[in-house]
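In what follows, a structure is listed as structure tokens, so that the remarks can point back to it.
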Amino acid sequence: MKIIDDISNFIFIEDMPQKADIIFIPGGSYPEIAEEAARLWHEGYSNIILPSGKYSVKRGYFPGALSKAAEYNEKYNTEWEFLKAVLVKNGVDEKAVLREDEAQYTYENALLSRKITDNHNLEIKKAIISCKSFHARRCLMYYQIAYPQTEFIICPSGVNGITKANWFNSEEGIDKVMGEVSRCGSQFKDIFMSAFRDGTIKTF
């Protein structure tokens, strides 16, 4: 059905990798997104990686790896600590990994990452985002707000077997994707309205 295609094309974004100033990882408990970032780092697409995240504001703690738990079975206090451990285990030099371990939701991942790159005097003209496939649209929306002059390349990873081609064939896939559709509207509305009122809408 066309409506499924429309939703799929809106939520799932995927670009071919390009050389970039940085690779962002917008939080999470799935190692696949850091494994993908490590692969991109090894292939020379960027020499800096910035994982972001404390833990979910709803959960209030970091639950551990939600996949590949046998491989990543240490105690991790934050998403950043977990994602860094995945990166290092996959051969990334610790010196290449910046730190942001306070964010508790996606918009904070973007805003606090901007503070970190500003503090390091980094000019981010082009950036890769390594995220869950069904999280791609929301990540792009928020990072574009934090970095309005930056070109973004989305390099997603599939988790839980949920893909653009099959999300509508399972209850979990429908729940995840339609939840993203809802959040893209409900969360972005307030941000968009605030930007309109304070005159920053022109930066989008």
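We did not get these values from a lab; they are worked out from the coordinates using the rules stated. Note that the structure is predicted; figures quoted are calculated from it, not measured. Positions of Cβ are backbone-derived with ideal geometry, glycine not excepted, and every protein chain shown enters the neighbour counts.
Numbers at a glance
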{"read-out": "Restraint check, LYS95/LYS115; LYS75/LYS126; LYS54/LYS126; LYS126/LYS189, Cα-Cα greater than 23 Å", "value": "LYS75/LYS126; LYS54/LYS126; LYS126/LYS189"}
{"read-out": "Label point distance in nm, SER56-SER186, each placed 7 Å from Cα along Cα→Cβ", "value": "1.4 nm"}
{"read-out": "Counted charge near LYS176, where neighbours are those whose Cβ lies closer than 14 Å (Asp, Glu -1; Lys, Arg +1)", "value": "+1"}
{"read-out": "Alpha-carbon gyration tensor eigenvalues x 5, square-rooted, for the chain, Å", "value": "24, 22, 17"}
{"read-out": "Which of HIS42, HIS135 has the fewest Cβ neighbours within 10 Å, and the rest in rising order", "value": "HIS42, HIS135"}
{"read-out": "Cα gyration tensor of the stretch 67-118 - equivalent ellipsoid semi-axes, whole Å, descending", "value": "22, 14, 8"}
{"read-out": "Most mobile listed residue (ARG138, ARG114, ARG183) in the chain, GNM with C-alpha springs under 10 Å", "value": "ARG183"}
{"read-out": "Amide H contacts of ALA103 (H built 1.01 Å from N, under 5 Å, at least 5 apart or other chain)", "value": "GLY53, LYS54"}
{"read-out": "Most mobile of ILE128, ILE13, ILE33 in a GNM of the chain (Cα contacts under 10 Å)", "value": "ILE13"}
